[in-house]
1. Between R50 and N12, what is the spin-label point distance in nm, taking each point 7 Å from the Cα along the Cα→C-beta axis?
2. Please report, in Å, the Rg and the Dmax of the chain, where both are computed over Cα atoms only.
3. Between K43 and N87, 0.36 nm times their residue separation minus their Cα-Cα distance comes to what?
4. Hey, any idea what % of the chain's accessible area is carbon plus sulfur with a 1.4 Å probe?
5. Leaving out ligands and nucleic acids, and using a 1.4 Å probe, what accessible area per residue does the chain come to in Å²?
6. Express in nm, to one decimal, how much length is gained between F24 and E73 on full extension, taking 0.36 nm for each residue of separation and deducting their alpha carbon distance.
7. Kindly rank 20-31, 86-97 from highest to lowest mean number of other beta carbons found within 10 Å of each residue.
8. Using the Cα centre of the stretch 1-99 as origin and beta-carbon charges of +1 (Lys, Arg) and -1 (Asp, Glu), tell me which of V94, T45, T67 is placed farthest towards the positive end of the dipole.
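The values are calculated or read from the model by the stated rules, or taken from the named source; none is laboratory data. Everything numeric in this text was worked out from a predicted model, so none of it was measured. Please note: Cβ atoms are built from the backbone with ideal geometry, for glycine as well, and neighbour counts cover all protein chains shown. Heavy atoms of the whole protein, side chains included, go into the accessibility calculation; ligands, DNA and RNA do not. Shrake-Rupley method; radii C 1.70, N 1.55, O 1.52, S 1.80 Å.
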Amino acid sequence: MEESPKKVEWMNPAKDRLFEIFEFWEEVAGFEKADEVVDKLVKRTRILERSPEIGTIEPKASSRVVTVRYLIEGHYKISYTYERERNLVQVRDVFDTRQDPDRYYKL
């Protein structure tokens with residue numbers, strides 16, 4: 001059985017994006033909806049504590065050195081990497097899939 005990562009770490013760009021998502025939904029639909037959307041995104045990443053390689057590989061964002069994977073939650077793509085040696089998952093970005101995908105790959 002694969003050992004669980006000690007933690008799922010949110011990188012600053014992903015934290016910033018969560019804040020932007022919260023602000024958007026708070027303005028459009030109120031605090032409760034904003035809190036619900038962000039909470040679902042954070043909860044979705046908890047699966048990575050037990051199964052860090054469950055996400056789909058993102059070929060355009062991966063390289064020989066780094067494999068970027070993603071999970072989907074609603075209209076959002078949650079990008080992350082898993083460092084087996086450090087037993088660490090790093091959430092790198094959260095992207096609204098209703099946006100232009102070229103914008104995502106420029107990030």
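1. Here the modelled spin labels are 3.4 nm apart.
2. In Å, with Rg to one decimal and Dmax whole: 14.1, 45.
3. On the way: separation 44, 0.36 × 44 = 15.84 nm, distance 1.93 nm.
Gain in length upon complete extension: 13.9 nm.
4. Solvent-exposed carbon and sulfur of the chain make up 49 percent of the total.
5. Working: 7110 Å² over 107 residues.
For the chain, the per-residue accessible area is 66 Å².
6. Details: separation 49, 0.36 × 49 = 17.64 nm, distance 1.68 nm.
Separation in residues times 0.36 nm, less the Cα-Cα distance, equals 16.0 nm.
7. On the way: 20-31: 13.0, 86-97: 18.7.
Descending packing order for the listed peptides: 86-97, 20-31.
8. T67
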